[in-house]
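A quick write-up on the structure given underneath.
The values are calculated or read from the model by the stated rules, or taken from the named source; none is laboratory data. If you're wondering where the values come from, they're calculated on a predicted model, not measured in any experiment. Glycine gets a Cβ as well: all are built from the backbone with ideal geometry, and neighbour counts include every protein chain shown. To get the accessible areas, we keep the full protein, side chains included, count just its heavy atoms, and leave off ligands, DNA and RNA. Shrake-Rupley method; radii C 1.70, N 1.55, O 1.52, S 1.80 Å.
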Amino acid sequence: MKVQKTSIDGVILIHPTIYKDKRGYFFESFNENEFAELTNLKLSFVQDNQSCSSKGTLRGLHFQKPPYAQSKLVRVIKGSVLDVAVDIRKESPTYGEYVIKKLDDSNHTMMYLPEGIAHGFLTLENNTIFSYKCSNYYNKDSEDSIIWDDPSIGIKWPKIKLILSEKDLNAKKFSSFVSPF
(Lines give C-alpha, C1' and ligand atoms only; values in the text may rest on other atoms or scores of the structure.)
Protein backbone atom coordinates (compact mmCIF):
# COMPACT_ATOMS: atom_id res chain seq x y z
CA MET A 1 0.00 0.00 0.00
CA LYS A 2 1.21 3.49 -0.85
CA VAL A 3 -0.13 6.63 0.80
CA GLN A 4 -0.25 9.95 -1.04
CA LYS A 5 -1.00 13.27 0.68
CA THR A 6 -3.26 15.79 -1.04
CA SER A 7 -3.44 19.58 -0.86
CA ILE A 8 -5.89 19.28 2.07
CA ASP A 9 -4.35 18.16 5.36
CA GLY A 10 -5.65 14.75 6.38
CA VAL A 11 -7.23 13.88 3.02
CA ILE A 12 -5.16 10.95 1.76
CA LEU A 13 -5.10 8.86 -1.39
CA ILE A 14 -4.36 5.20 -0.84
CA HIS A 15 -2.95 3.06 -3.63
CA PRO A 16 -3.19 -0.62 -2.68
CA THR A 17 -0.66 -3.19 -3.76
CA ILE A 18 -2.43 -5.25 -6.41
CA TYR A 19 -1.42 -8.80 -7.19
CA LYS A 20 -2.41 -9.85 -10.73
CA ASP A 21 -2.11 -13.13 -12.57
CA LYS A 22 -4.02 -15.06 -15.23
CA ARG A 23 -6.91 -15.61 -12.79
CA GLY A 24 -7.46 -11.90 -12.14
CA TYR A 25 -6.29 -9.79 -9.22
CA PHE A 26 -6.19 -9.61 -5.42
CA PHE A 27 -5.60 -6.73 -3.01
CA GLU A 28 -6.26 -5.85 0.61
CA SER A 29 -8.83 -3.05 0.59
CA PHE A 30 -8.07 -2.27 4.23
CA ASN A 31 -5.51 -3.44 6.76
CA GLU A 32 -5.80 -1.60 10.08
CA ASN A 33 -2.18 -2.20 11.14
CA GLU A 34 -0.66 -1.14 7.82
CA PHE A 35 -2.96 1.89 7.58
CA ALA A 36 -1.93 3.00 11.09
CA GLU A 37 1.74 2.47 10.35
CA LEU A 38 1.65 4.50 7.11
CA THR A 39 -0.64 7.32 8.28
CA ASN A 40 -0.10 7.49 12.06
CA LEU A 41 -3.89 7.23 12.39
CA LYS A 42 -5.57 4.71 14.65
CA LEU A 43 -9.06 4.19 13.26
CA SER A 44 -12.03 2.11 14.13
CA PHE A 45 -14.59 1.74 11.37
CA VAL A 46 -18.05 0.83 12.66
CA GLN A 47 -20.23 0.98 9.56
CA ASP A 48 -19.81 0.07 5.89
CA ASN A 49 -22.07 1.63 3.26
CA GLN A 50 -22.50 0.82 -0.42
CA SER A 51 -24.41 2.49 -3.24
CA CYS A 52 -25.12 1.59 -6.85
CA SER A 53 -25.80 4.52 -9.16
CA SER A 54 -26.57 5.35 -12.77
CA LYS A 55 -24.17 7.44 -14.84
CA GLY A 56 -24.49 11.12 -13.94
CA THR A 57 -25.64 10.57 -10.36
CA LEU A 58 -24.19 13.25 -8.12
CA ARG A 59 -24.31 12.61 -4.38
CA GLY A 60 -23.11 15.32 -2.02
CA LEU A 61 -21.64 17.35 -0.56
CA HIS A 62 -22.50 15.46 2.64
CA PHE A 63 -21.17 15.29 6.18
CA GLN A 64 -22.34 14.60 9.72
CA LYS A 65 -22.05 17.20 12.47
CA PRO A 66 -20.39 16.45 15.82
CA PRO A 67 -20.82 14.45 17.96
CA TYR A 68 -21.69 12.09 15.10
CA ALA A 69 -18.99 13.31 12.71
CA GLN A 70 -17.43 10.61 10.55
CA SER A 71 -14.11 9.94 8.92
CA LYS A 72 -14.48 7.80 5.80
CA LEU A 73 -12.46 5.50 3.61
CA VAL A 74 -14.08 5.42 0.16
CA ARG A 75 -13.51 3.34 -2.95
CA VAL A 76 -15.15 2.16 -6.16
CA ILE A 77 -15.93 -1.53 -6.49
CA LYS A 78 -17.35 -1.30 -10.03
CA GLY A 79 -17.34 1.61 -12.48
CA SER A 80 -15.87 5.06 -11.88
CA VAL A 81 -16.50 8.31 -10.03
CA LEU A 82 -15.10 11.77 -9.58
CA ASP A 83 -14.67 11.90 -5.81
CA VAL A 84 -14.61 15.28 -4.06
CA ALA A 85 -13.48 16.31 -0.58
CA VAL A 86 -14.20 19.88 0.64
CA ASP A 87 -12.47 21.18 3.77
CA ILE A 88 -15.08 22.62 6.17
CA ARG A 89 -12.80 22.93 9.22
CA LYS A 90 -12.89 26.64 10.21
CA GLU A 91 -9.30 26.78 11.48
CA SER A 92 -7.83 24.94 8.50
CA PRO A 93 -5.64 26.92 6.06
CA THR A 94 -7.49 25.12 3.24
CA TYR A 95 -11.01 25.94 4.53
CA GLY A 96 -13.40 25.98 1.56
CA GLU A 97 -10.91 24.33 -0.79
CA TYR A 98 -11.45 20.98 -2.45
CA VAL A 99 -9.64 17.94 -3.81
CA ILE A 100 -11.07 16.01 -6.75
CA LYS A 101 -9.82 12.59 -7.83
CA LYS A 102 -11.03 9.94 -10.24
CA LEU A 103 -11.55 6.62 -8.47
CA ASP A 104 -12.36 3.55 -10.52
CA ASP A 105 -12.36 -0.23 -10.65
CA SER A 106 -9.09 -0.38 -12.55
CA ASN A 107 -6.86 1.93 -10.46
CA HIS A 108 -8.44 0.78 -7.13
CA THR A 109 -7.31 4.04 -5.53
CA MET A 110 -9.11 4.90 -2.30
CA MET A 111 -9.57 8.23 -0.54
CA TYR A 112 -9.46 8.76 3.22
CA LEU A 113 -11.49 11.72 4.51
CA PRO A 114 -11.09 12.87 8.12
CA GLU A 115 -13.88 14.44 10.16
CA GLY A 116 -14.61 17.98 9.00
CA ILE A 117 -14.62 17.15 5.31
CA ALA A 118 -17.74 17.42 3.17
CA HIS A 119 -17.85 14.59 0.64
CA GLY A 120 -19.46 14.10 -2.73
CA PHE A 121 -19.08 12.05 -5.87
CA LEU A 122 -20.30 11.94 -9.46
CA THR A 123 -20.70 8.57 -11.19
CA LEU A 124 -19.12 8.38 -14.64
CA GLU A 125 -20.59 4.98 -15.63
CA ASN A 126 -23.87 3.15 -15.24
CA ASN A 127 -24.14 0.69 -12.36
CA THR A 128 -21.21 2.20 -10.47
CA ILE A 129 -20.83 0.55 -7.07
CA PHE A 130 -19.31 2.85 -4.44
CA SER A 131 -18.27 1.71 -0.96
CA TYR A 132 -17.31 3.61 2.15
CA LYS A 133 -16.19 2.67 5.62
CA CYS A 134 -17.31 5.07 8.36
CA SER A 135 -15.82 5.76 11.78
CA ASN A 136 -19.18 6.63 13.33
CA TYR A 137 -22.75 5.46 12.90
CA TYR A 138 -25.19 7.31 10.67
CA ASN A 139 -27.37 9.76 12.60
CA LYS A 140 -30.20 11.39 10.64
CA ASP A 141 -30.42 14.43 12.94
CA SER A 142 -26.69 15.07 12.44
CA GLU A 143 -26.60 14.91 8.63
CA ASP A 144 -25.99 18.08 6.68
CA SER A 145 -24.93 19.14 3.21
CA ILE A 146 -23.58 21.98 1.11
CA ILE A 147 -24.84 22.60 -2.42
CA TRP A 148 -22.76 20.70 -4.97
CA ASP A 149 -22.34 23.62 -7.41
CA ASP A 150 -21.62 26.46 -5.01
CA PRO A 151 -19.63 29.06 -6.98
CA SER A 152 -17.56 30.08 -3.94
CA ILE A 153 -16.13 26.55 -3.81
CA GLY A 154 -15.92 26.28 -7.61
CA ILE A 155 -15.77 22.52 -8.11
CA LYS A 156 -15.05 21.77 -11.76
CA TRP A 157 -17.71 19.14 -12.47
CA PRO A 158 -17.89 17.77 -16.03
CA LYS A 159 -20.71 19.03 -18.22
CA ILE A 160 -22.99 15.99 -18.27
CA LYS A 161 -26.65 15.48 -17.48
CA LEU A 162 -26.90 15.10 -13.70
CA ILE A 163 -29.22 13.05 -11.53
CA LEU A 164 -29.67 14.67 -8.11
CA SER A 165 -31.82 13.99 -5.06
CA GLU A 166 -34.23 16.60 -3.74
CA LYS A 167 -32.02 16.86 -0.64
CA ASP A 168 -28.93 17.65 -2.70
CA LEU A 169 -30.79 20.16 -4.89
CA ASN A 170 -31.85 22.05 -1.73
CA ALA A 171 -28.57 21.94 0.20
CA LYS A 172 -27.29 25.16 1.75
CA LYS A 173 -24.87 27.54 0.10
CA PHE A 174 -21.33 27.68 1.41
CA SER A 175 -21.65 31.46 1.92
CA SER A 176 -24.49 30.92 4.46
CA PHE A 177 -22.91 27.82 5.99
CA VAL A 178 -21.72 27.95 9.63
CA SER A 179 -19.25 25.13 10.13
CA PRO A 180 -19.58 23.01 13.28
CA PHE A 181 -15.93 21.97 12.92
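Quick note on the range 9-58: its Rg to Rh ratio, both from C-alpha atoms and Rh being the Kirkwood radius, is 1.05.
Normalised size of the range 82-181, defined as Cα radius of gyration per 2.2 N^0.38 Å with N residues, equals 1.10.
What accessible area per residue comes out for the chain, rounded to a whole number of Å², with a 1.4 Å probe?
Per residue, the chain has an accessible area of 54 Å².
Computing mean projected area of the Cα convex hull in nm² for the structure here picks out one of (1) 9.3; (2) 9.9; (3) 10.6, namely (3). Between D105 and Q4, the distance separating the two model label sites (each 7 Å from Cα on the Cα→Cβ line) works out to 2.2 nm.
Rounded to the nearest 5, the antiparallel percentage of DSSP beta bridges internal to the chain is 95%. The length gained on full extension between L169 and N139, counted as 0.36 nm times the residue separation minus their Cα-Cα distance, comes to 8.7 nm.
The distance between label points at N126 and K156 comes to 3.0 nm (points 7 Å beyond Cα on the Cα→Cβ vector). The separation of the range 18-33 from the range 116-171, counted between C-alpha centres, amounts to 28 Å.
Neighbours of I117 by Cβ distance under 9 Å: Lys/Arg scored +1, Asp/Glu scored -1, total 0.
In the range 62-118, what percent of the accessible surface is made up of carbon and sulfur (1.4 Å probe, ligands and nucleic acids excluded)? Kindly include the intermediate steps, with their values, before the conclusion.
Values: 1020 of 2090 Å².
Its accessible area is 49 percent carbon and sulfur atoms.
Build a GNM of the chain with springs between Cα atoms under 10 Å apart, and of F27, F45, F130 the one that fluctuates most is F27.
Be a star and scan the range 103-142 for residues whose amide nitrogen sits under 20 Å from the point 7 Å along the Cα-to-Cβ vector of H15. Hits in the range 103-142 for H15 at 20 Å: 103-113.
Within 10 Å of each candidate Cβ there may be at most 16 other Cβ atoms; applying that plus a DSSP loop requirement, which trypsin sites (Lys or Arg not before Pro) in the range 80-109 survive? Write out the running numbers ahead of the final one.
Working: sites: R89, K90, K101, K102; in loops: R89, K90.
Those satisfying the criteria are K90.
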